[in-house]
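The values are calculated or read from the model by the stated rules, or taken from the named source; none is laboratory data. Please read these numbers as outputs of a predicted model, since none were measured by experiment. When we count neighbours, we look across all protein chains shown, and the Cβ atoms used for this are built from the backbone with ideal geometry, even at glycine.
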Amino acid sequence: MAPIALTDIVAALPSDSTWGPPTTSETLVNGVPYAPYSKGDKLGRMADWTSEGKDREGRRGQQFNRAYRDQQVYGAGTSSLFAVQSAEDESSFSVVDNTRSSTKTRGFGRGGGTVFRGRGRGAPAQRGARGAFQQRPGRGGQQQGGYYDQRGGGRGGRGRRFGWKDYDKPQRNRDSSVNIKPDWVMLEEIDFNRLAKLNLDTGAGEDIDSYGFLYYYDRSFDKPPVKNAERKLNVKERAVYNITTSMDPIIQELAEKDEATIFATDSILSMLMCAPRSVYSWDIVVTHHGNKIFLDKRDGSQVDMVSVNENAADAPLEASEGNKDSINFPSMLASEATAINELFVNEVVSESDNSRVEMAHANPFHNYEESEPLASKGYKYRRFDLSLEKDEEPLHLVVRTELDAVVKNNISGEDQFLTIKALNEFDNKAQGSSGSLDWRTKLASSRGAVVATEMKNNSCKLARWTTQSIIAGADVLKLGFVSRANPKVNDKHVVLGVFGYDPRKFAEQMNLNLNNGWGIVRTIVDMCLRKPEGKYVLVKDPNKTLLRLYEVPMNTFEDGEDEIDEAIQEEDGQE
């Protein structure tokens with residue numbers, strides 16, 4: 001039998017025959033007209049009752065929730081055979097509720113906003129505390145979106161919310177502590193995040209020699225002052241010396257004897273060890289001579305100045321930033337705090353030539369032809385081992401530390417060494433106070449809250465003081481609380497109280513890790529030792545959390561050349 005061709009079969013079919021079911025209206029599939037479909041259609045829900053509901057006004061309609069409003073349903077690829085085609089295609093439109101509430105609400109003010117609730121007061125959740133974002137209804141009864149700020153503060157300790165014209169506050173662009181010249185070559189850039197991860201376990205250190213003398217501390221300052229009879233901070237002219245490292249005759253002798261590789265003073269060393277906490281710009285001069293490293297400071301350096309509210313969320317402003325009170329400029333507050341610390345040590349000691357502790361040697365910086373008497377000050381030269389197991393030769397550091405007074409132990413009767421520092425209050429209602437409490441009313445009853453606020457606003461300053469006390473081997477850190485006699489006058493002060501702390505326990509309260517500080521010192525020193533001999537400057541960026549290492553000519557900062565250049569630049573700017 002001969003095969004039948006496909007064309008013959010097609011020719012034998014009726015002329016009105018087509019592939020698939022017929023599309024006439026008379027043909028039914030299970031009682032329902034057949035609807036064409038598209039292979040590009042997306043399969044969705046067979047039935048979705050969640051899309052139907054009532055809106056806020058009680059009317060039935062589409063809610064158009066965000067999760068499903070753009071999702072295509074079955075058959076959306078072709079036009080429906082059963083829907084009436086309207087004049088306009090409304091598939092691209094969505095319903096928006098434009099109804100206004102009759103009650104006015106505030107978006108970013110007190111009426112609403114996102115509140116960050118945590119376990120602690122005055123700060124977001126820390127140390128594993130459970131916190132969550134919570135929409136807080138406004139005064140009008142509706143929920144308003146907002147923003148939050150993790151810096152803490154604010155009313156009720158719930159975290160600060162952006163308020164009236166916070167967006168209009170000027171951007172702070174602080175100036176560098178030193179003029180960066182064009183011939184300086186930047187070698188390294190070190191971010192604070194890297195420094196925070198360093199760690200070096202160093203011993204307690206050993207004493208090499210001691211100089212100077214110390215008066216005994218006046219214990220009457222430990223008693224709270226009588227109400228309405230505050231102690232006045234008197235001005236006593238005493239000779240105090242703050243010689244930089246390379247100009248110290250004792251350090252020069254120790255360097256010639258190869259007692260160590262690194263030489264520094266406690267103020268310079270504490271600034272470097274507490275660098276990640278610093279906000280203001282500062283600089284340290286590093287001299288690489290032979291196999292020795294000398295860490296120095298310039299004349300008038302920020303290292304010697306005592307900052308005020310440096311770490312506060314709302315730090316004091318300069319005149320260019322809108323501050324109209326000249327005595328509360330950051331530079332003026334730093335000069336005031338530095339002078340207070342020099343006067344406070346002389347005020348709280350009992351000056352008696354018959355009752356004082358003499359060190360092994362006399363003060364090495366005092367010229368006895370001077371008329372001013374010496375202040376109570378003891379210098380201890382101490383050595384620390386910064387070596388690692390992989391080092392072929394030991395790496396030691398010699399630092400000149402300072403002690404301010406001695407006191408008899410109540411139990412053993414032995415002499416205890418003290419370091420004495422002073423915190424100062426300028427005006428708890430002025431801009432820049434950053435939520436400071438009124439010391440006159442809160443210091444006696446809420447000392448812990450006052451100290452905690454100072455730890456927050458002056459983290460770098462307190463960390464430096466604590467580091468200096470531990471490095472010097474002091475037994476007690478005395479903190480004085482000094483306030484202005486009149487908030488509008490910055491040259492008259494009163495002593496409100498003095499409290500003593502164990503420096504090591506105080507460091508634990510501040511979360512201060514000295515091993516991290518020693519790791520920073522070792523890292524910077526290794527970086528400089530790999531460089532050729534010369535002079536370098538380590539500068540804290542004024543507006544960023546990083547350090548920069550510059551290579552500078554050897555005659556930099558000598559013979560007052562930089563001071564002359566800065567004076568010329570200021571004159572040119574005024575013209």
Confirm whether GLU342 is within 25 Å of ASP475 (Cβ to Cβ), of a type outside the set (Lys, Arg) and free of Cβ contacts under 8 Å to residues at least 40 places away in the same chain. no
If you go through the stretch 512-560, how many residues are farther than 16 Å from ASP191 by Cα and among the polar types (S, T, N, Q)? 4
Quick one: GLY156 ticks every box in (1) surrounded by 12 or more Cβ atoms within 10 Å (Cβ to Cβ); (2) modelled with pLDDT under 50; (3) outside any loop (DSSP other than H, G, I, E, B); (4) not charged (D, E, K, R) except a single one, so which number is it? (1)
Helices (runs of 4 or more DSSP H) enclosed by the stretch 190-305 - at least 2 residues per element that are buried (at least 19 other Cβ atoms within 10 Å of the Cβ): 249-256, 266-273
Kindly provide the set of residues from the stretch 494-528 that are over 28 Å from ILE284 (Cβ atoms) and either part of a helix (DSSP H, G or I) or free of Cβ contacts under 8 Å to residues at least 24 places away in the same chain (or both), ordered by number. LYS505
Flag for LEU403 being buried (at least 16 other Cβ atoms within 10 Å of the Cβ), modelled with pLDDT of 95 or more and either among the hydrophobic types (A, V, I, L, M, F, W, C) or under 31 Å from the mean Cα position of the chain (by Cα) (or both): yes
Residue ranges of helices (runs of 4 or more DSSP H) in the stretch 435-478 with at least 2 members within 22 Å of SER307 (Cβ to Cβ) and within 15 Å of the chain's Cα centre (by Cα): 447-457, 459-472
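Of the residues ASN367, ASN428, only one is modelled with pLDDT under 95, surrounded by fewer than 21 Cβ atoms within 10 Å (Cβ to Cβ) and within 30 Å of PRO487 (Cβ to Cβ); which?
On the way: ASN367 fails: within 30 Å of PRO487 (Cβ to Cβ).
Step by step, each of ASN367, ASN428 is checked, and only ASN428 is modelled with pLDDT under 95, surrounded by fewer than 21 Cβ atoms within 10 Å (Cβ to Cβ) and within 30 Å of PRO487 (Cβ to Cβ).
A quick yes/no check of all residues on (1) among the β-branched types (Val, Ile, Thr); (2) surrounded by fewer than 16 Cβ atoms within 10 Å (Cβ to Cβ); (3) under 30 Å from LYS197 (Cβ atoms):
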residue: SER483; (1), (2), (3): no, no, no
residue: VAL489; (1), (2), (3): yes, yes, no
residue: LEU496; (1), (2), (3): no, no, no
residue: GLN509; (1), (2), (3): no, yes, yes
residue: LEU514; (1), (2), (3): no, no, yes
residue: ILE520; (1), (2), (3): yes, no, yes
The stretch 321-338: number of residues that are of a type outside the set (D, E, K, R) and either part of a loop (DSSP other than H, G, I, E, B) or free of Cβ contacts under 8 Å to residues at least 40 places away in the same chain (or both): 8
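Regarding the stretch 391-398, can at least one residue be identified that is crowded, with 21+ Cβ neighbours inside 10 Å and at pLDDT 95 or above?
Initially, the stretch 391-398 is screened for residues crowded, with 21+ Cβ neighbours inside 10 Å, giving 397-398.
Within this subset, residues satisfying the condition of being at pLDDT 95 or above are 397-398.
Yes.
Restricting attention to the stretch 339-377, report how many residues are within 26 Å of SER220 (Cβ to Cβ) and either of a type in the set (Asp, Glu) or part of a helix (DSSP H, G or I) (or both). Even if it seems obvious, please write down each step before you answer.
Just the residues of the stretch 339-377 that are within 26 Å of SER220 (Cβ to Cβ), to begin with: 339-359, 372-377.
Then keep just the ones that are either of a type in the set (Asp, Glu) or part of a helix (DSSP H, G or I) (or both); that gives 339-347, 351, 353, 358, 372.
Going through the stretch 339-377 one residue at a time, the tally reaches 13.
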Given the structure, is LYS429 of a type in the set (Lys, Arg), assigned to a loop (DSSP other than H, G, I, E, B) and over 27 Å from the mean Cα position of the chain (by Cα)? no
Can you tell me how many residues in the stretch 479-488 are in contact with a helix residue (DSSP H, G or I) (Cβ under 8 Å, 6 or more places away or on another chain) and over 21 Å from MET305 (Cβ atoms)? 1
Hey, any hits in the stretch 411-419 for a residue that's of a type in the set (Asp, Glu) and without any contact (Cβ under 8 Å) to a residue 40 or more places away in the chain? yes
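Would you be able to tell me the number of residues in the stretch 444-454 that are in contact (Cβ under 8 Å) with a residue 60 or more places away in the chain and buried (at least 21 other Cβ atoms within 10 Å of the Cβ)? So that I can check it myself, show each step before the final result.
Going residue by residue through the stretch 444-454, those that are in contact (Cβ under 8 Å) with a residue 60 or more places away in the chain are 444.
When the remaining residues are screened for being buried (at least 21 other Cβ atoms within 10 Å of the Cβ), the result is none.
Count: 0.
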Can you tell me which residue among LYS461, LYS442, LYS456 is of a type outside the set (Val, Ile, Thr), at pLDDT below 95 and within 20 Å of PRO276 (Cβ to Cβ)? LYS456
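Between LYS257, LYS236, LYS292, which is of a type in the set (Lys, Arg) and within 20 Å of ASP404 (Cβ to Cβ)?
Values: LYS257 fails: within 20 Å of ASP404 (Cβ to Cβ); LYS292 fails: within 20 Å of ASP404 (Cβ to Cβ).
Of the residues listed, the single one that is of a type in the set (Lys, Arg) and within 20 Å of ASP404 (Cβ to Cβ) is LYS236.
Which ones in the stretch 522-547 are among the hydroxyl-bearing types (Ser, Thr, Tyr) and either crowded, with 17+ Cβ neighbours inside 10 Å or over 20 Å from the mean Cα position of the chain (by Cα) (or both)? Let's see the steps before the verdict.
Going residue by residue through the stretch 522-547, those that are among the hydroxyl-bearing types (Ser, Thr, Tyr) are 523, 536, 545.
Hits for the stretch 522-547 are THR523, TYR536.
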